[in-house]
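Just below is one structure, and these are the notes that go with it.
Bear in mind these aren't lab numbers, they're just calculated from the coordinates by the rules spelled out. Note that the coordinates shown come from a computational prediction; the quantities given were computed from them, not determined experimentally. All Cβ positions, glycine included, derive from the backbone under ideal geometry; neighbour counts span all protein chains shown.
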Amino acid sequence: MIWRMAEIKRKISPMAWMLILSSAFLVIFLVVSGALFLSDMPGSGTRDGSLLMGKGAVGLIEVNGVIIDSKKTLARLEDFEENSKIKAVVLRLNSPGGAVAPSQEIYEAVKAYKKPVVVSMGSVAASGAYYISCGAKKVYANPGSLTASIGVIMEFVNFEKLYEWAKVRRYALKTGKYKGTGAEYREMTPEERELLQTMIDDVLGQFKKAVMDGRKLSAAQVDRIADGRIMSGAQAKTAKLVDELGTLHDAINEAGRLANIKGKPLVIKPDEGRHRWIERFLNDGEDADARSDQRLGGVLQELARLLFGSSSEGLNIRSNATDVAPGIYWLWSGAR
């Protein structure tokens, strides 16, 4: 018997062995992938995923951390809007704000949503996160939630003196006097500062308009608080920036009431199974938020290499300047 097995092995070519092994790997991959997919499907054993016949549900979407990209939140809103079982959505915000454009995209989606949207503020729902709240049907905050921070910020660093000390000269060829505005190797000119200030003032006007429209406040009422100040949930309630003081549970119940759901509403969370199961194998599930925070960090690391040589490889250089990508932000910097 042993002689026959050895003879069979000699008769099978290396190419055939490769095909056999590849097929076996493919079968294992498909089996494991299918198991992960099914385990993440709604209704796979969690109460949130189960639906009772004839009873609607409230969708729960979380927005956490600095807002750099809107794709994930917009996709979840779209999924819930297409789901006939979901009658309303609660947007749970735990964010200090973030980039202006993604915040505007989420705000516009919430404002135009065909189902009631209720915002529930967690620890922080400031600046760009508060901007998103202005599109909701109703806004809940905990008394100690940190919110408001109606304002705009652009941050820059100036390494000019550090470059001089390191005897590093950096320069640029450009096509116009404003093209190098914000470069880290020199001080801004007065004209550049005026240009940027005019731009962020325009963006502040966009923020204030959203607050006036969403909260039904006058321009004078908004102007009094649109200076970047942070507020507690209780203070925001007094300033009419939120509707009610309450928990996530309260917000879910209110969403159910607005959607005419009888009794305690069921809660559905986003279906990660259909969209992200394959990322566990391909390691491509990193958010755009995390991928976009590295530009200036590279400059700092290179400068450290020039100053300290190979010993800088062990340094983990990080500052507020590297926390978020360059850009214009509705962001409460105190949360970083």
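Selection of region 129-169 for residues being surrounded by fewer than 20 Cβ atoms within 10 Å (Cβ to Cβ), on the phi > 0 side of the Ramachandran plot and in contact with a strand residue (DSSP E or B) (Cβ under 7 Å, 6 or more places away or on another chain) yields an empty set. Among the residues of region 176-194, those that are touching a Phe, Trp or Tyr at 6+ places or on another chain (Cβ under 9 Å) and acidic (Asp, Glu) comprise Glu184, Glu191, Glu192.
Per this entry, Ser95 is counted among residues that are of a type outside the set (A, V, I, L, M) and crowded, with 22+ Cβ neighbours inside 10 Å. With respect to being more than 21 Å from Ala99 (Cα to Cα) and among the basic types (Lys, Arg), Lys208 falls outside the description.
Tallying residues that are surrounded by fewer than 15 Cβ atoms within 10 Å (Cβ to Cβ) and assigned to a helix (DSSP H, G or I) within region 207-217 yields 2. Of the residues making up region 76-121, those that are in a helix (DSSP H, G or I) and touching a strand residue (DSSP E or B) at 6+ places or on another chain (Cβ under 7 Å) are Arg76, Leu77, Phe80, Val100, Pro102, Ser103, Val110. Scanning region 150-171 for any residue that is in contact (Cβ under 8 Å) with a residue 40 or more places away in the chain, in a strand (DSSP E or B) and not acidic (Asp, Glu) turns up at least one such residue. Here's a check for you: in region 235-263, which residue that is within 29 Å of Ile200 (Cβ to Cβ) and hydrophobic (A, V, I, L, M, F, W, C) is surrounded by the fewest Cβ atoms within 10 Å (Cβ to Cβ)? Looking at the filtered set, the residue picked out is Ala239.
Residues that are among the hydrophobic types (A, V, I, L, M, F, W, C), loosely packed, with under 15 Cβ neighbours inside 10 Å and farther than 30 Å from Asn64 by Cα are absent from region 179-191.
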